[in-house]
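Notes follow once the structure below has been shown.
No lab work stands behind these numbers, since they all come straight from the coordinates. The structure displayed is predicted, hence computed values, not measured ones. Glycine gets a Cβ as well: all are built from the backbone with ideal geometry, and neighbour counts include every protein chain shown.
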Amino acid sequence: MATYILCAESDIARSSIVAKRIRNLIPDAIPIGHIGDIFEQWTRGLEEPVYLLMVAPSREYNSFIKLMESAASYRHPIFFILVSDEISASNYKALVRRGDADWVSAGADPQEILDIIARHRGRKEFAADAGAVKPVAVSFIPSAGGVGNSTLALEVAIKLKTSRIARDRRICIVDLDFQGSHICDHLDIEPRLGIQEILDNPQRLDAQLFDIFISRHSSGLHVFAAPRSKLDVCEVKVSALDPFFNLVALRYDLILIDLPSMWLAWTSQVISASDGIIVTGLNTVPGLRQTVETLAAIRASGKSGHASAPGDHQDPQVAVAINRCRRRFIGGVLNRHHVEAVLGNERVFYVGDEPIALESINTGTPIALSKPSRAFRKEIAAVADFCAALKSSRVRSG
């Protein structure tokens, strides 16, 4: 495999930084000044396939397309990867549908480039063997509306993707609140999941369309979230979601699922296919009651005969996250004994009310990537460690 880097960025210093990050991960990548430099090597027995990474500002999108069209006049195939700032959804859709190109954010983890190359080559050369690693799914379930379930799931996902314990794992978060999704708002990225397209024709969902549905954050986290709409969620069938989750399971090692507070027809199926469950609640009298009721519903759904696919699946590990706790001045959580009295032997994580949370939401920057308190970092790390330690209990069907 031959990989080349072509810098078309007028800001030389910026392009050099991006190119250096790429070469740190792909040391064999060859810098070139013109696409003709590749063509000259063909006569010297250049091996296939060839990958060209073009580092350029998003405004150079049309120049990138012209470069691809110019290369088409040669018989030797080249796969192009544009490394730039954000491009429009329509441009991205048109790009990947060509079949010989893709796009990566200039601020993203260069590992995404390796993932694209691995998918194009049809084998996992730069990731763990897909046959040996089974995906782990963790469902975050709110005990009621407004408990901060989405924010908690997002902060845990960012912590996992940026920490040593799981940064090399392929991690995504799936927002199943199709009416009121706001995870992408918290990340200041565009929601791309076309849920109506999936519902209208589930069989149309292929790897190419799946790639279009990915919202990519600069941390390296991939997000599947639909633009807010008045979709009738009662019409959503699990059979329509199956093709989507099958592709998610093939692409990612750790899948965090953000479930809506409304219990839908397919909620039990999602729960039964999960390896871990975190119920989010609040430390109030009504909040603890709602948490207990949600735990009972989760455990009842596991006994209701819903099949988990693929293969047999053991009961998921269940934990509770008491969110927005008030911290004591000398450390610890106020009224912790109330939680312990109500929840008994449940595994409980406490996540405090963080002062910079509102600013984080308004700026579209996760708390974990700002300057959170030491206590918050430890609390989110504890939940992230729980997720990272989970193992898939699926048995692959033979």
Under 22 Å between alpha carbons, and skipping anything fewer than 8 positions from LYS161 in its own chain: which lysines qualify? LYS20, LYS124, LYS134, LYS371, LYS378, LYS391
Most mobile of PRO372, PRO27, PRO202 in a GNM of the chain (Cα contacts under 10 Å): PRO27
As I understand it, the dipole of the chain uses +1 on the Cβ of Lys and Arg and -1 on the Cβ of Asp and Glu, about the Cα centre. Which of ILE171, CYS387, SER84 lies farthest toward its positive end? CYS387
Only Cα pairs within less than 10 Å get springs; with that Gaussian network setup on the chain, which residue of ASP242, ASP115, ASP177 has the largest fluctuation? ASP242
Which ordering of ILE12, ILE158, ILE116 is given by a fewest-first count of other beta-carbon atoms within 10 Å? ILE12, ILE116, ILE158
Enumerate the amide H contacts of GLY352 below 5 Å, restricted to partners 5 or more residues apart or on another chain; note that Pro and chain-start residues carry no placed amide H. CYS325
Residues CYS234, CYS387, CYS7, sorted so that the one with the fewest Cβ neighbours within 10 Å comes first: CYS234, CYS7, CYS387
Please turn the phi angles of the stretch 358-365 into ³J(HN,Hα) values with the Karplus equation 6.51 cos²θ - 1.76 cosθ + 1.60 (θ = phi - 60°), one per residue in order, whole Hz, x for glycine and proline. 5, 4, 4, 5, 5, 9, x, 10
Gyration tensor on Cα atoms of the chain, a ≥ b ≥ c root eigenvalues, a/c under 1.5 rounded, else prolate if a/b beats b/c, else oblate, says prolate
Pull up all non-local amide H partners of VAL55: gap of 5 or more, or a different chain, and H-to-H distance under 5 Å with H placed in the peptide plane. LEU6, CYS7, ALA8, VAL83
Amide H proximity to ALA137 below 5 Å, modelled H, separation 5+ or other chain, gives ILE255, ASP275, GLY276
For a quick check, take a GNM of the chain with Cα springs below 10 Å and name the residue from ALA101, ALA137, ALA300 with the largest mean-square fluctuation. ALA300
Give the residue list of trypsin sites (Lys or Arg not before Pro) in the stretch 218-310 that are DSSP loop and have at most 14 other beta-carbon atoms within 10 angstrom. LYS230, LYS237, LYS303
